[in-house]
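Before any comments, here is the structure.
Just so you know, all these numbers are worked out from the coordinates, no wet-lab data involved. Not measured: the values here are computed from a predicted model.
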Amino acid sequence: MKKTILTLLITLTTNSIATDSQSLYKNCAGCHGDKGETSALLVSALIAGQDANKTILQLTAYKNGELNKYGLGNIMKMQVATLSEDDIADLAEYIASLKK
């Protein structure tokens, strides 16, 4: 019984994290595509499968106004302005999981 409850809790937590990450990614999909397969505004690199640590560094730098890659700094700063550190980490893991 304990194993069943533990398995259920782990499954619910995992599904909740995936759902939250997918929900966060919806704001990205308009430019980067549903699966990170699109070059944002035809100038950015594809983000599908990008290393999570790289994504965290980039999104944090955009949020702090320290990065203007491809001239998209202001757009990206607005996109990530309300994300917490945990949101950025979750989003980065989701992006890393997308198939190239």
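If the chain between Asn74 and Asp34 were fully stretched, how many nm would it gain, using 0.36 nm times the residue separation less the Cα-Cα distance? Walk me through the intermediate numbers first.
Numbers: separation 40, 0.36 × 40 = 14.40 nm, distance 2.20 nm.
Stretched fully, the Asn74-Asp34 segment lengthens by 12.2 nm.
Check which residues have an amide H placed less than 5 Å from Leu98's amide H, if you skip close sequence neighbours.
Correct list: Gly49.
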